[in-house]
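The block underneath contains the structure these notes are about, expressed in structure tokens.
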Amino acid sequence: MPKDKDDEKLSKDSLDIGITVKKAEDFSEWYQQVIIKSEMIDYGPVSGCMIIRPYAYEIWEKVVKFLDKEIKGMGVQNAYFPMLIPEHLFTKEKEHVEGFNPEVAWVTQAGDTKLDERLAIRPTSETIMYDSYKKWVRSWRDLPLRLNQWNNIVRWEFKHPVPFLRTREFLWQEGHTAFATKEEAKKEVYEILELYKRVYEELYAVAVLKGIKSGNEKFAGALYTTSVEAWFPNGKAIQGATSHLLGQNFSKSFDITFLDKDGNKSYVWQNSWGLSTRSIGIMLAIHGDDKGLIIPPKIAPIQIVIIPILFDDTKDDVMKRCDELKNELESHHLSVFIDDRNYKPGWKFNHWELKGVPLRIEIGPRDLQNKQAIIARRDTAEKLIVKINEVPETAKNLLDDMQRSLLSKSRKMLEDSIVETDNYEEFKRFIDEKKIVMAPFCDNKECEDQIKTDTGAKTLNMPLGQDEKQLSKNKIKCISCTGPAKALFYFGKSY
């Protein structure tokens, strides 16, 4: 097929399309390039506020669909509360406001009129929601009250913003629930934590560490915070999602009380929990390679791209077969795109590799003659020649295997990064070597601050299922201060 001017321009422009740095050599630059060039995001006019483009938003929609179904199955309902929070409400819970105040953006003026009271732009919704909860909860019959909202959040981060991972505005879901007893609330905290683990492992194919945050790292105003933590190839951890037992701190501040079955007045027990668009960035950073993104099939906006190899004399026949194959694949509930644009096949291969599409199917006139197709797998670069009538079944099997393989690879990377020690000098060396270090810890703020000063690392979380009484009985000492250890904690440098 003869070249045209567009082809010549594309050949030249394609030199600028690919990723120009290696992931292992400059992770930060690699990440910035890959999310822009793959058309996941664009930068907005306000620093730290990103534009989520359709290709990324489709991933978020899949996560929303999965989570929404699961939490509704648990009895949670969706609602929406205002994003503007009057200052007198925001300041009701002392520890909460102290924790969030540095990140709060305030509205002080409407048009030319100065407001009588400042309005906080929602950094989280406890205070605006619980003002209503106190009106809605009167009796044990009104409990449990379990609401969730899908919304945007503004936290005016002063650290270096990183798209998805640390932004001033992001999307998330936030669940806010109230129960009659602590036992009910505690049960939900861990059910939600397990659900978040499933999101990462079943959808994103990312292995995570479940645990309880240290007292220093818990949510402001909570009794304790549970989290899932992920680990990046550059040797940094990142918090993936959190589920908090708020206890009665907020119910006492907001006077959320109920009459129990015996007619006694009690304060409700509360939880809050959330997972955000940060999860997309975590998935991209863990799975991507030097060619670009690798998106797990379960959340890929396009699971299969069909690339016809077109020549003037066979174009119609090839396109007809591609259309037929697309219909066959879609009948198996697979998302398929035919790229019949007037670009060279090699350019298209690179383009869709950059965008991380799991499978690529190539069909040309010779393939038509041989009644076959070529399937290329994004994660392994493996190519298979498959009989055309076997393509749908083969594609389904390859997608399933890719999903499992990506999770297995992520789990191995995580497990290979964990080391254990009770020696502080060894601890410091492991942190320098970009490891996750499991070590005994007293869970005192001053001690954690000192560890961060010495090493740049902080607690990630405390693995579940530990026998704290046994630790005390064995007189296990803290890695740093040598006082009694509360439990073994994961430590690492983090975002």
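The values are calculated or read from the model by the stated rules, or taken from the named source; none is laboratory data. Note that this is a predicted model, so its numbers are computed, not measured. Positions of Cβ are backbone-derived with ideal geometry, glycine not excepted, and every protein chain shown enters the neighbour counts.
In the range 306-345, how many residues are without any contact (Cβ under 8 Å) to a residue 60 or more places away in the chain and assigned to a helix (DSSP H, G or I)? Residues meeting the conditions: 13. Of all residues in the range 453-476, those satisfying the criterion of being in a helix (DSSP H, G or I) and either surrounded by 15 or more Cβ atoms within 10 Å (Cβ to Cβ) or of a type in the set (Gly, Ala, Ser) (or both) are Thr455, Leu471, Ser472. Considering the conditions (1) part of a helix (DSSP H, G or I); (2) more than 22 Å from the chain's Cα centre (by Cα); (3) surrounded by fewer than 18 Cβ atoms within 10 Å (Cβ to Cβ); (4) hydrophobic (A, V, I, L, M, F, W, C), Leu115 is excluded by exactly one of them, (1). Those strands (runs of 3 or more DSSP E) of the range 192-305 in which 1 or more residues are more than 25 Å from Tyr31 (Cα to Cα) and in contact with a Pro (Cβ under 9 Å, 6 or more places away or on another chain) occupy 209-212. Considering every residue within the range 127-135, establish whether at least one is in contact with a strand residue (DSSP E or B) (Cβ under 7 Å, 6 or more places away or on another chain), crowded, with 20+ Cβ neighbours inside 10 Å and modelled with pLDDT under 95. Yes, that holds for at least one residue.
No other residue among Gly281, Gly215 is surrounded by 20 or more Cβ atoms within 10 Å (Cβ to Cβ) and assigned by TED's automatic domain parsing to the domain that holds Leu143 apart from Gly281.
I need every pair where a residue in the range 245-260 that is farther than 11 Å from Lys92 by Cβ and at pLDDT 95 or above has its Cβ under 6 Å from the Cβ of a residue that is surrounded by fewer than 21 Cβ atoms within 10 Å (Cβ to Cβ) and of a type in the set (A, V, I, L, M), sequence separation at least 6 or different chains. Close Cβ pairs satisfying both conditions: Leu245/Leu223; Gly247/Leu223. Can you name every residue in the range 48-96 that is in contact with a Lys or Arg (Cβ under 9 Å, 6 or more places away or on another chain), of a type in the set (Gly, Ala, Ser) and closer than 30 Å to Ala110 by Cβ? Scanning the range 48-96 gives a single hit, Gly48.
Criterion applied to Ile375, Ile418, Ile436 was being farther than 30 Å from Val336 by Cβ and surrounded by 18 or more Cβ atoms within 10 Å (Cβ to Cβ), and the one residue passing it is Ile436. For Lys409, the conditions (1) within 24 Å of Leu284 (Cα to Cα); (2) surrounded by fewer than 13 Cβ atoms within 10 Å (Cβ to Cβ) all hold with the exception of (2).
How many residues does the range 288-309 contain that are surrounded by fewer than 22 Cβ atoms within 10 Å (Cβ to Cβ) and either on the phi > 0 side of the Ramachandran plot or touching a helix residue (DSSP H, G or I) at 6+ places or on another chain (Cβ under 6 Å) (or both)? Before you say what the answer is, go through the steps one by one.
Quick first cut of the range 288-309, residues surrounded by fewer than 22 Cβ atoms within 10 Å (Cβ to Cβ) only: 289-291, 298, 301-302, 309.
So of that shortlist, the ones also either on the phi > 0 side of the Ramachandran plot or touching a helix residue (DSSP H, G or I) at 6+ places or on another chain (Cβ under 6 Å) (or both) come out as 291, 298, 301, 309.
Total meeting the criteria: 4.
Residue pairs whose Cβ atoms lie under 9 Å apart, separated by 6 or more positions or on different chains, with the first residue in the range 196-208 and more than 20 Å from Met462 (Cα to Cα) and the second of a type in the set (D, E, K, R), are Val199/Glu70; Glu202/Lys298; Leu203/Lys62; Leu203/Lys298; Tyr204/Lys298; Ala205/Lys298; Ala205/Arg404; Ala205/Lys409.
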